Amino acid sequence: AVAPFGQVSGLAEQLEERLFHLYDFNNEQIQERLQALDEVMERVEEAQVELRHVCCTMEAAYRDLCL
């Protein structure tokens, strides 16, 4: 037997609500991960700056020793 239109419509609405809920949940997770990635990239950038500074200091020290 074919389900009445109202029943099909109700099921479609439930499915749509579940999909929206799932989308919102996944979207929140993605946003959290992007934020965490942004923080990690910031720390990496700071470490690169420090490493460049250390390399320049070492280079200057070796230059001074050689001269």
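FYI, it's all coordinate maths here, none of it is from the lab. Since this is a predicted model, take the numbers as computed values, not measurements. FYI the Cβ positions are ideal-geometry reconstructions off the backbone, even for glycines, and counts take in every protein chain you see.
Taking the Cα centre of the chain as origin and assigning +1 to Lys and Arg Cβ atoms and -1 to Asp and Glu Cβ atoms, the resulting dipole is close to 220 debye.
Just need log10 I(q)/I(0) for the chain at q = 0.14, 0.16, 0.22, 0.23 Å⁻¹, Debye formula, equal scatterers on the alpha-carbon atoms, no solvent, rounded to two decimals. For the requested q values the scattering log ratios are -0.69, -0.76, -0.92, -0.94. Taking Cα atoms, how many degrees apart are the long axis of helix 5-66 and the longest axis of the chain, rounded to 10 and kept between 0 and 90? The helix 5-66 is inclined about 0 degrees to the chain.
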